[in-house]
Amino acid sequence: MASKEPIIITEKDEMRKWTRTMRAQGHTIGFVPTMGYLHEGHLSLIQEAYKHADIIVVSIYVNPGQFSPNEDLSTYPSDFEGDFQKLKSVGNGVDVVFCPNNLYDYGNSQTGNGSERNQEKVVSCVEDKRMGHETWVRVENLEKGLCGKSRPVFFRGVATVVTKLFNIVEPDVAVFGKKDYQQWKIIQRMVRDLDFGITVIGSEIVREVDGLAMSSRNVKLSPENRQRALSISRALSISKFQAEKGQVNCRELINPAIQLISEAGGTVDYAEIVEQESLEPVETIERPVVFCVAAWFGEVRLVDNMEIRIN
Ligand code: AMP
């Protein structure tokens, strides 16, 4: 197996300097942002990046800015050694693993605790730490629905950290997974609206052989919930099949899907059929849509989706 030892960069300035040097030498830079605990889904994004660029940077950073204090930041899985081995042997091996230290500027404002300061506001873990950071990127409409309803600071945190990473890495191309469909669309819109000179590519969902969408969080499922969670991809597949056979009434697709997941023991956060660009819910399928689901199995919240095209 081909293998290249990636360079590990932890400092922002060094990362930026490295990219600029590579670009001056005529290389194109592909970028894959991740939160680590890598699986085949992440590796497929790297393979995709190689189709568009000859140098690949992968970031590993669990972004506190997208977690609320009551979410699973502290228990998010990590395994840097395992990740590094995978990054060494995917394709020709990636060039740089960027694991930023001090991505947010804590300033010198750390007095008291965050809950005092933000009593009424919904805050992310960044504000909870009382950092100097106070600039946020919001993609105002796209961030509202789907995951944005139950995770109100999530997409603000994602758009902000991706902006920061884009400004540091300065890639030509960035690859995101369609697994996080709303995230992909938000980044695409942000790049368009704010004139980043970066091409954003959406890459297909990679699934386990039994259909479960790969996710770093799957490791947190109990064996029973791992089985039950298959109901999500089953429900989506059935709906897609029914729609492509002619059922265009979304309620007739969504209700049985919710029932299937609930009967398997899941708690559905949302199940919505939305238009692919605006992510607005539709009642009748007349153009390409995507059926998006988020559901809890035990303590683990899973998201999945399937695109539906009808003729
Ligand atoms: P994460 O580490 O979960 O933040 O994901 C980093 C990137 O990998 C995001 O663009 C995700 O959408 C993508 N990704 C995660 N799981 C999958 C999957 N099963 N298939 C394709 N892409 C994925």
* To do: Could you tell me whether segment 26-37 includes any residue that is over 19 Å from Val169 (Cα atoms) and touching a Ser or Thr at 6+ places or on another chain (Cβ under 8 Å)?
  => yes
* **Selection count, segment 164-191, where residues are open to solvent by 20 Å² or more (accessible area, probe 1.4 Å) and either out of contact with any Lys or Arg (no Cβ under 7 Å at 6 or more places or on another chain) or more than 23 Å from Val62 (Cα to Cα) (or both)** => 9
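Within segment 139-152, can you find the residues that are within 14 Å of Leu194 (Cβ to Cβ) and over 16 Å from the mean Cα position of the chain (by Cα)? Reasoning before the result, please.
Here is the first cut: in segment 139-152, the residues within 14 Å of Leu194 (Cβ to Cβ) are 139-140, 142.
Residue satisfying the conditions is Glu140 alone.
With respect to Lys179, determine if the residue is more than 21 Å from Ile261 (Cβ to Cβ) and either away from the ligand (no atom under 12 Å from the Cβ) or among the charged types (D, E, K, R) (or both). Steps first, please.
Values: more than 21 Å from Ile261 (Cβ to Cβ): no; either away from the ligand (no atom under 12 Å from the Cβ) or among the charged types (D, E, K, R) (or both): yes.
Judged against the criteria, Lys179 is not a match.
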* **Options Leu194, Leu230: the member that is free of Cβ contacts under 8 Å to residues at least 60 places away in the same chain, more than 22 Å from Gly36 (Cα to Cα), open to solvent by less than 60 Å² (accessible area, probe 1.4 Å) and away from the ligand (no atom under 14 Å from the Cβ)** => Leu230
* **Tabulated pairs, segment 198-220, first free of Cβ contacts under 8 Å to residues at least 40 places away in the same chain, second among the hydrophobic types (A, V, I, L, M, F, W, C) and within 6 Å of the ligand (Cβ to nearest atom), C-beta under 8 angstrom, 6+ apart or interchain** => Val200/Phe176; Gly202/Phe176; Arg207/Ala213; Arg207/Met214; Glu208/Met214
* Out of (1) open to solvent by less than 30 Å² (accessible area, probe 1.4 Å); (2) closer than 17 Å to Ser215 by Cα, the odd one out for Phe80 is which? -> (1)
* Candidate set from segment 35-49 (those that are part of a helix (DSSP H, G or I) and surrounded by 17 or more Cβ atoms within 10 Å (Cβ to Cβ)); member that is nearest to the ligand (Cβ to nearest atom) -> Gly41
* **Candidate set from segment 197-221 (those that are open to solvent by 30 Å² or more (accessible area, probe 1.4 Å) and within 11 Å of the ligand (Cβ to nearest atom)); member that is farthest from Leu45 (Cα to Cα)** => Arg217
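The values are calculated or read from the model by the stated rules, or taken from the named source; none is laboratory data. What you see is a predicted model, and the numbers here were worked out from it, not measured in a lab. Ideal geometry is used to build each Cβ from the backbone, glycine not excepted, and the neighbour counts take in all protein chains shown. Accessible surface areas use protein heavy atoms only, side chains included; no ligands, DNA or RNA. Shrake-Rupley method; radii C 1.70, N 1.55, O 1.52, S 1.80 Å.
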